[in-house]
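Below is one structure, written out as structure tokens; comments come after it.
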Amino acid sequence: MSTTQQRIALVIGAGGGVGGETAAALVRHGWAVRALTRRPQSARPGIEWIDGDAMVAADVARAARGVSLIVHAANPPGYKDWDKLVLPMLDNTIAAALAEGARIVLPGTVYNYGLEAFPLIDEAAPQRPSTRKGRIRVEMETRLRSASSRGAPALIVRAGDYFGPHAGNNWFGQAVIKPGGPVRSVTEPSARGLAHAWAYLPDVAETIARLLDRAERLSAFETFHFGGHLLEWGQMARSIRRVTGQPNLPVRTFPWALIAALSPFVPLFREMAEMRYLWREPLVLNDGKLRAFLGEVPHTPLDVAVGASLRAMGCLPASTPFPAGEGGARRVAVGG
């Protein structure tokens, strides 16, 4: 490719949190971005919206013509129909990438790991998931590894639980706070005294863009772990209290027992209950490989990240100043 030729990327799932933030980061780094969508979207600088469905191979192939990168950030909301949608969508992405010789980027999750890999997980940790969603995630990465040996390099950036300026399909916007109005309370899903990995979406997206700026140093199949914010019980709530200026904001424990009791009757609760183990054990992603590769990893101070998230989710007025509180998360013990 000529040094003057603009790089073109296709983002599948750009209407969601991680896909939208990654699309914006790629634009900042000089990419021309196409975004496949089934629904009308508002105009965004540098992004061309293309009508199509990630479940339709012809739509993905058409949108991918001439691209050198496909970001596969499709994620059925509320875990709905994962077994029917996730792998077929990825297969369409792989087929298009092979046809174009494009690299695939997958935002990875910790679902791949069972408890034997905890508490400190690096890229070489064995993937022996104990859940259905985890087994699907392992199969996704297995298919990407196979594709990477056939002409479609793959990059996986694995992070903890997302939070950011989109409520989206994440615990922050579905359980920790209620979007769309002033914060009345905060809910903590994790067990007391344990570390849990949170990832601010714009930081993850910027990390992906910086890795792609160094694509010539990436292997055909590359995985990096993103450490993010390592928080113990109460740290997220204290940040929300500071940002909202409500030092006495109630902090509630997540109703896991109720979720388990209702899981046979409510599909979303069933899916949430399956992932409870991630909140009952310490979980830390070892990002040493990423730091060695990039030198400096994007890391927005916790209060700034929480403030931007709440403001975008309609929980704070746009003019709300951020406090000068904690600049970031302190390291906490990962033992039981």
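Strands (runs of 3 or more DSSP E) fully within the range 112-209 that include at least 2 residues being surrounded by 23 or more Cβ atoms within 10 Å (Cβ to Cβ): 154-158, 161-163, 196-200. Exactly one residue among G108, G114, G66 is at pLDDT 95 or above and closer than 16 Å to R137 by Cβ, and that residue is G108. Every test in (1) in contact (Cβ under 8 Å) with a residue 24 or more places away in the chain; (2) of a type in the set (G, A, S); (3) over 23 Å from T223 (Cβ atoms) is passed by A97 save one, and that test is (3).
Could you list all residues from the range 198-212 that are over 17 Å from W31 (Cα atoms) and not aliphatic (A, V, I, L, M)? W198, Y200, D203 - these are the residues of the range 198-212 that are over 17 Å from W31 (Cα atoms) and not aliphatic (A, V, I, L, M). The residue of the range 211-227 that is surrounded by the most Cβ atoms within 10 Å (Cβ to Cβ), among those that are among the charged types (D, E, K, R) and either touching a Phe, Trp or Tyr at 6+ places or on another chain (Cβ under 9 Å) or in a strand (DSSP E or B) (or both), is E222. In summary, P282 fulfils each of the numbered conditions (1) over 20 Å from Q235 (Cβ atoms); (2) crowded, with 17+ Cβ neighbours inside 10 Å; (3) at pLDDT below 95 with the single exception of condition (1). Please give the number of the condition E100 fails out of (1) at pLDDT 95 or above; (2) under 20 Å from the mean Cα position of the chain (by Cα). It fails just one condition, (2).
Among the criteria (1) within 22 Å of M313 (Cβ to Cβ); (2) surrounded by fewer than 17 Cβ atoms within 10 Å (Cβ to Cβ); (3) more than 21 Å from the chain's Cα centre (by Cα), the one L268 does not fulfil is (3).
Quick check: anything in the range 137-155 closer than 27 Å to D303 by Cα, touching a residue at least 40 places away in the same chain (Cβ under 8 Å) and of a type in the set (S, T, N, Q)? Scanning the range 137-155, I find no residue that is closer than 27 Å to D303 by Cα, touching a residue at least 40 places away in the same chain (Cβ under 8 Å) and of a type in the set (S, T, N, Q), so the answer is no.
Of the residues R132, R158, the single one that is at pLDDT 95 or above and among the basic types (K, R) is R158. Considering the range 113-123, and only residues there that are out of contact with any strand residue (DSSP E or B) (no Cβ under 9 Å at 6 or more places or on another chain) and aliphatic (A, V, I, L, M), the residue that is farthest from A159 (Cα to Cα) turns out to be L115.
Which of the following residues is among the charged types (D, E, K, R) and within 18 Å of the chain's Cα centre (by Cα): E48, E21?
Numbers: E48 fails: within 18 Å of the chain's Cα centre (by Cα).
When all the criteria are applied, what remains is E21.
Looking at G288, G307, G314, G295, which is the one that is closer than 27 Å to V243 by Cα, within 23 Å of the chain's Cα centre (by Cα) and surrounded by fewer than 17 Cβ atoms within 10 Å (Cβ to Cβ)?
Residue meeting the stated conditions: G314.
The condition of being more than 30 Å from C315 (Cα to Cα) and either of a type in the set (G, A, S) or in contact with a helix residue (DSSP H, G or I) (Cβ under 7 Å, 6 or more places away or on another chain) (or both) holds for only one of G151, G164, G173, that being G151. Find the residue count for the range 228-286, including only residues that are part of a helix (DSSP H, G or I) and polar (S, T, N, Q). Within the range 228-286, residues that are part of a helix (DSSP H, G or I) and polar (S, T, N, Q) number 3.
The values are calculated or read from the model by the stated rules, or taken from the named source; none is laboratory data. As the structure is a computational prediction, the values presented were derived from the model and not from experiment. Here Cβ is always computed from backbone atoms with ideal geometry, including for glycine, and neighbour counts include all displayed protein chains.
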